[in-house]
1. Could you sort out which of K39/K138; K273/K606; K589/K690; K477/K524; K676/K755; K746/K832 sit more than 25 Å apart by Cα distance in this structure?
2. Could you tally the net charge around A79, taking each other residue with its Cβ under 11 Å from the Cβ of A79, Lys/Arg +1 and Asp/Glu -1?
3. Please compare each pair in K673/K769; K565/K699; K543/K613; K543/K607; K613/K692; K412/K543 to a cut-off of 19 Å on the Cα-Cα distance and tell me which ones are over it.
4. I need the phi-derived Karplus couplings for the range 762-772: 6.51 cos²θ - 1.76 cosθ + 1.60, θ = phi - 60°, integer Hz, Gly and Pro marked x.
5. If the cut-off is a Cα-Cα distance under 19 Å, which aspartates and glutamates reach K432, setting aside same-chain residues fewer than 8 apart in sequence?
6. Under 5 Å between amide H atoms, partner at least 5 residues away or on a different chain: which partners does A578 have, H built in plane at 1.01 Å?
7. Just to confirm the filter: which GluC sites (Glu not before Pro) across the range 110-180 are DSSP coil and have at most 15 other Cβ within 10 angstrom of their Cβ?
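What follows draws every value from the coordinates through simple rules; no lab data is involved. These figures come from a predicted structure and were not determined experimentally. Note: ideal-geometry Cβ built from the backbone for every residue, glycine included; neighbour counts use all protein chains shown.
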Amino acid sequence: MKWTKRIIVALLIAAMLVPVSAWLAFPWYAQLLVDRALKGKPFLVQLSGIGIPGPGGVGFRKLTASFTSPPDQCSSKPATYRISVVNGRISWNFSDLDRLLFSDHLQTDIALDADTLRILPDPESFMFEDEHPRIDMKLTIVRRKGSPMDFQPERLSYAIRKASVIREKLLLAGIDYRVSLSRAGKWLQPSDTLFVSKLYSDGNPSPVGNFRALFGSKRDPLKPCALILSNCSINLFEWNGAAERIEYDLKKQATSFTLKLAEIPLNELPWFKPSDKQLLRGAGMVRGSIPVEFRDSTVLVRNAVVAASAGSAIIYQTADNASRISLDIGAKPGSAELLGNLNATITLNSRNQNLSGLAVRDLSAELFEGKLQASPFLFDPVKNEVMLTLTLDNIHVLDRLNYHGEVKGSFKGALTGSVPLAFGKKGLTFGKIDLASTVTFRDIALRDLPGLKGNGNQNKPLAAGTFNGTLPLEYRKNILTVNSGTISGSKGTRIIFYDKENRQWLSFDLSSNTGSRALLRNIKTSLKFDAAGSKTKHYALGKLSAEALGGTLLAAPVVFGSSNKEIPLTIQLNNIDALDRVRLHGDFKGSLDGAISGTLPLVLGKKGFMINKARLRSSGGGTITISPPMPKRSATERIFGVPDQDADYSFKSPDILITRHYDGKTVMDFTLKELKRKTRGGELVLASPKGKLAIWQHKNNPDRVTLSDFSAGFFDGTVGIKSVDYDMAKQETETVLQLNDIPLQKLLDLQGTKKIYATGTVKGSIPVKMSGQTIEITDGAMNAESSGQIIYATTPEERAAANQGLRTTYEALSNFLYVQLTSSLSMAADGKSTIRVQLKGNNPDFQAGRPVELNLNIDQNLLDLMRSLSISSNVEQIITEKALQKKK
């Protein structure tokens, strides 16, 4: 009995130990179970690092599987794939475990969780990778008598989230797709959304992303080898493209579809997005259509089109957000497409079964009524760069270029030539560009040129109007050449100078009216661009020559750039007909004529312009009339009152040395052949006047004009002023006139005296004070420089009528030889004057030539005298004005 009990206990313990031992030994025979289950099937599974199963599952370190799909009607070669699962766990859940002993069918839910799942084809051309995947399967276990258990899968689901596909340097990131297969669905994948977030190249994001499409494995019976994607969309440079259907023929390995690029605001594209550093702006809408064919690793683009809506433009702005230049890319009558007939052949090059780049050839397009072509080029994903040469044939890009200044300007012209360029990690760089064009421009605002941006004040002149022209251009080896260009000014184009009250007082006419010659003709120059990397460091302007207003103009070479605060420019003028373009305004009138020659050294800067000792000469001259404003007066007041202050100043052959600073301070050293002042009371002629004129020198009193070192020929002698300051606003000044070698006879003639004849010259100094229309002279003095003769011719009747003292004076002056002549002059503001003259000498015909000393005192009103002399001219003027009014 005891042995019986012991045997029963031993058997029970053995019965318990056998399953426990089998359970503990599972990691060692699990691979054998898998091999038996997959025997005869095209699957190979290897497990490593298997743990001891628990009641709900078992873990493993790595699972490697491979399967081979046999050739079929769509593929002549078998395809092998390797699957790797790392740090996984297989979980199960038997829903009807109690049926295991009483039924031959049992269903269970199995789930696979892992850290990483990878799928690689053999040979390895890409790799699919998913982190933290989960695959769910429902399995039916069938037990048949006398046969091993049969495992029948019912359905499988796998939600792919943020997976990736890697091929060489290319990465498809953020892949989402829901795999759902079932026995009931004949193991066909129903249509579901495939999403790819972004395409990367060598770790850098590409402009392609957000691809979406509906995809399922069900084939069209009429096209059994076609993989079909529907409702496809993609973002290209943030541009939304769409295709209704993409069919990929597995047998031909080819597809064709048309990618429709949706209409998008131009400023949403990355090149034109508004930012502080982005100077290019986009306006308007663009859209496109790209027919694509793909076969044997080659993409063909045929007759693609990119179009922009009317009014679309690319705008270049300054740092202060002001529009400067815009390129109109919008649709126009007869030219609705921005890019038309766009064609290209793109090949996925392979080297040693590795992707080595994208080869592009036969790239061409119609652009702005011309044609654009590109040389074959290769995109190397390792170097991440592109090098190509664009060939331009009669592309009318300049016809669409607009200039935004004071007035909107426009251009016309076509570009022809070649542009080698490279795009890579260092950005966009250019090779040796070779371009040619004849550029026609219109309505470019004169004030937009450097140094002419003044708003109209005495420090900054105003440039008004626009200019037009034609410039034949060639650009080769970083040098822009202009040959035989022409520039004209539109009607009203001029540079205007202002006084303190912001009134125009002088302007220079730059217009080229109908029938007039152009401002500049036969312009020849060159501009060299010295670049450092992708940026232009500075520019070198070559020798500039042109025909200008009947003469010639030459400018010396100059170098300038972004670092230059000032641009020096020296211009040589030769017989330029410029004086007849000078216009005077306000109280100034006149007409000038003649050609100018000389050297004009300029400095152009942000503050305006400077002139550094410019030397200008002319053989011409002109007349300037100064007409101060006078109150309205009656005819009687005009006849007997103060005469009009109008004065004509005529000059000949000016020779001027000019220096001007940024703040408007100007100094002119001048020499004239002749300066004539003419009024109704007579005229005054100065021969060879010269001196220095300084204007706008005093910040607190800009109306003050300084004349210094002045001298001129006067009555065959000279008159000079050492220095005088004249306040133009107050019309006040005070100075001393220096007279030398003035013939005495000339002074007598000036008084209107016809009976006195004299020889000899005088010199002296006349202190003069001017205030408004009044003149004061205090203690002026003039003395004879040497001895001379005075003859006072009187008639017998005059001598008989004179008293004894006056008769004696007449006789003494009938032939007076003086050895000393002194005089003094004073005049009050009201015109009352006193002239004292002292003479010493003798008359050989009077009292045996004894010495005679004469003292003469003359008291008179010089203003009344001048007024009486002007009455006749006032009457003459009034009569002339009346006659002219009657003729009207």
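1. As for pairs spanning more than 25 Å Cα to Cα, those are K273/K606; K676/K755.
2. With Lys, Arg at +1 and Asp, Glu at -1, the neighbours total -1.
3. Distance filter (> 19 Å) returns K673/K769; K565/K699; K543/K613; K543/K607; K412/K543.
4. 10, 9, x, 10, 10, x, 10, 10, 10, 8, x
5. E385, D393, E474, D530
6. Answer set, sorted by chain and number: I596.
7. The qualifying sites are E124.
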